[in-house]
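Asker: The structure that follows is given in the form of structure tokens.
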Amino acid sequence: MRAAVVESHGVLAIRTLSDPVPGPYEVLTRQLFGGICAATDRHLVEGKLPIPGISYPLILGHETIGRVVEMGAKVRNLKVGDLITRTGAPATDGCAAYWGGFAELGLGRDFAAMRDDGLPEAEWTAHTINRVLPPGTDPASATMMITWRETLSYLTRLGPVSGKRLLVLGSGGNGFSFLALARALGADAVAMVGNPAWAAHAAHAGAAAFADYRDTAAIANLRSVAGPTGFDLLLDAVGHTGGIEGVLSLMEPGAGIGLYGIEALGERMAALKAITAQGFRVHGPGEYAEGEAHDQAVALMASGALDARLWFDPTKPYPLDQIGDALAAVANRESLKAVVRITG
């Protein structure tokens, strides 16, 4: 199989690697499309992901949709032809896999069979991300399902959204996911702080107001959207130093504060302690379970409340050989995200 491999920091290449072989509870998938994650994929290519234990070379990609082509002996909840989310190739031929999505073949697990057969929860719980999509789902658009599920789980764990006023920090793919989800879940108003290049796009997506992250006066003016007591919820989709502190005056006492982005992870985790001491309800990075939001995200996509076209054009995927161009398109703000055709 061919796969997009980060050889070393800043070096991305297409390699031919050994095909994966499914185990008893696994399915082999032909990888159709994969989404570019502006933060994680870029950081992995640059060698700057603030998570310990990353090794190179590595197979890139974690927003991939695969179609089942072969099943292990103990699989009974998946079948040949199913579209499965978050499938990826395992580590092979000296390459690590984070999470191996940009490969022509991948693996998914029947977590329900593992659970029902009494395997320890630690062995199957991480694979609740391998879920079946409804027949007829566009696999290119469905690459957004990974972003939608993560942010939906995070948002709903932070607190009720209906009737609330939210402030989103960050105008990238995740920031827009929080914006779209908040509107879909009945938020009273959502304001965004980000790059002014995305101001019109945010208005199109339903933002009540937008402020340039460099303009302190414009940020202060967001109080007109916050209401007399302030915003109820804050979602920091970026995680830059000082980002949350710069808007705390706009939040109501005891508001929910969510740090989702990890740009300055170590410093931000320390800062959360001081923010908590001020009486805010703090929700840290990684406090979500992607699989738990699958059914709700599928329903929102089916209803049209979530539409991949807000992030990229699903009809214009980049071929795997041009994955570097897809990464550059996102970095250059040509689109919020990009989709890569792997074998689809």
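For every residue, the table says whether it meets (1) of a type in the set (D, E, K, R); (2) on the phi < 0 side of the Ramachandran plot; (3) open to solvent by 30 Å² or more (accessible area, probe 1.4 Å).
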{"residue": "Arg2", "(1), (2), (3)": "yes, yes, yes"}
{"residue": "His9", "(1), (2), (3)": "no, yes, yes"}
{"residue": "Leu17", "(1), (2), (3)": "no, yes, no"}
{"residue": "Phe33", "(1), (2), (3)": "no, yes, no"}
{"residue": "Leu44", "(1), (2), (3)": "no, yes, no"}
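Asker: Further, regarding this structure: When the residues of the range 133-159 are narrowed to those that are hydrophobic (A, V, I, L, M, F, W, C) and touching a strand residue (DSSP E or B) at 6+ places or on another chain (Cβ under 6 Å), which ends up farthest from Phe102 (Cα to Cα)? Even if it seems obvious, please write down each step before you answer.
Answerer: Step one: of the range 133-159, the residues hydrophobic (A, V, I, L, M, F, W, C) are 133, 140, 142, 144-146, 148, 152, 155, 158.
With the extra rule that they be touching a strand residue (DSSP E or B) at 6+ places or on another chain (Cβ under 6 Å), the set shrinks to 133, 140, 142, 145, 158.
Values: Leu133: 19, Ala140: 13, Ala142: 15, Met145: 16, Leu158: 32 Å.
Among them, the one singled out is Leu158.
Asker: In this structure, does Arg281 turn out to be open to solvent by less than 10 Å² (accessible area, probe 1.4 Å) and among the charged types (D, E, K, R)?
Answerer: Numbers: open to solvent by less than 10 Å² (accessible area, probe 1.4 Å): no; among the charged types (D, E, K, R): yes.
Taking the combined requirement at face value, the residue does not satisfy it.
Asker: Can you tell me which residues in the range 23-71 are within 16 Å of Glu263 (Cα to Cα), in contact (Cβ under 8 Å) with a residue 12 or more places away in the chain and of a type in the set (Lys, Arg)?
Answerer: Arg42 - this is the single residue of the range 23-71 that is within 16 Å of Glu263 (Cα to Cα), in contact (Cβ under 8 Å) with a residue 12 or more places away in the chain and of a type in the set (Lys, Arg).
Asker: Of all residues being open to solvent by less than 40 Å² (accessible area, probe 1.4 Å) and out of contact with any Leu (no Cβ under 9 Å at 6 or more places or on another chain) in the range 295-327, which is farthest from Arg131 (Cα to Cα)? Just the residue, please.
Answerer: My answer is Ala326.
Asker: Does Ala122 fit the bill of being open to solvent by 40 Å² or more (accessible area, probe 1.4 Å) and either modelled with pLDDT under 95 or among the hydrophobic types (A, V, I, L, M, F, W, C) (or both)?
Answerer: On the way: open to solvent by 40 Å² or more (accessible area, probe 1.4 Å): yes; either modelled with pLDDT under 95 or among the hydrophobic types (A, V, I, L, M, F, W, C) (or both): yes.
So Ala122 passes the test.
Asker: Kindly check whether there is at least one residue in the range 316-332 that is in a loop (DSSP other than H, G, I, E, B), of a type in the set (A, V, I, L, M) and modelled with pLDDT of 95 or more.
Answerer: Of all residues in the range 316-332, those in a loop (DSSP other than H, G, I, E, B) come to 316-317, 332.
From what's left, of a type in the set (A, V, I, L, M): none.
No: the range 316-332 contains no residue that is in a loop (DSSP other than H, G, I, E, B), of a type in the set (A, V, I, L, M) and modelled with pLDDT of 95 or more.
Asker: To continue, here is another question. Tell me which helices (runs of 4 or more DSSP H) are completely within the range 177-271 and hold 1 or more residues being more than 21 Å from Lys337 (Cα to Cα) and open to solvent by 40 Å² or more (accessible area, probe 1.4 Å), or say none if there are none. Quick ask: steps written out before the conclusion?
Answerer: Details: elements: 199-204, 216-220, 223-226.
Qualifying helices (runs of 4 or more DSSP H): 216-220, 223-226.
Asker: Exactly one of (1) touching a helix residue (DSSP H, G or I) at 6+ places or on another chain (Cβ under 9 Å); (2) in contact (Cβ under 8 Å) with a residue 40 or more places away in the chain; (3) open to solvent by 10 Å² or more (accessible area, probe 1.4 Å) is unmet by Leu152. Its number?
Answerer: Among (1) touching a helix residue (DSSP H, G or I) at 6+ places or on another chain (Cβ under 9 Å); (2) in contact (Cβ under 8 Å) with a residue 40 or more places away in the chain; (3) open to solvent by 10 Å² or more (accessible area, probe 1.4 Å), Leu152 violates only (3).
Asker: If I filter the range 49-67 down to residues being of a type in the set (A, V, I, L, M) and open to solvent by less than 30 Å² (accessible area, probe 1.4 Å), which single residue comes out as nearest to Gly136 (Cα to Cα)? Show your work before the answer.
Answerer: At the first step, the residues of the range 49-67 found to be of a type in the set (A, V, I, L, M) are 49, 51, 54, 58-60, 65.
From the residues that got through so far, the ones that are open to solvent by less than 30 Å² (accessible area, probe 1.4 Å) too are 49, 58-60, 65.
Working: Leu49: 35, Leu58: 32, Ile59: 29, Leu60: 27, Ile65: 13 Å.
Residue satisfying both the conditions and the ranking: Ile65.
Asker: At least 3 residues that are β-branched (Val, Ile, Thr) and either in contact with a strand residue (DSSP E or B) (Cβ under 9 Å, 6 or more places away or on another chain) or more than 24 Å from Val339 (Cβ to Cβ) (or both) in each: list the helices (runs of 4 or more DSSP H) lying fully within the range 8-127 that qualify. Explain how you work it out, then say what you get.
Answerer: On the way: elements: 40-46, 111-116, 121-124.
Once the helices (runs of 4 or more DSSP H) in the range 8-127 are filtered for at least 3 residues that are β-branched (Val, Ile, Thr) and either in contact with a strand residue (DSSP E or B) (Cβ under 9 Å, 6 or more places away or on another chain) or more than 24 Å from Val339 (Cβ to Cβ) (or both), nothing remains.
The values are calculated or read from the model by the stated rules, or taken from the named source; none is laboratory data. Everything numeric here is computed off the predicted structure, so don't read it as measured data. Every residue, glycine among them, receives a Cβ derived from its backbone with ideal geometry; neighbour counts consider all protein chains shown. Please note that ligands, DNA and RNA were not included when accessible areas were found on the heavy atoms of the full protein model with its side chains. Shrake-Rupley method; radii C 1.70, N 1.55, O 1.52, S 1.80 Å.
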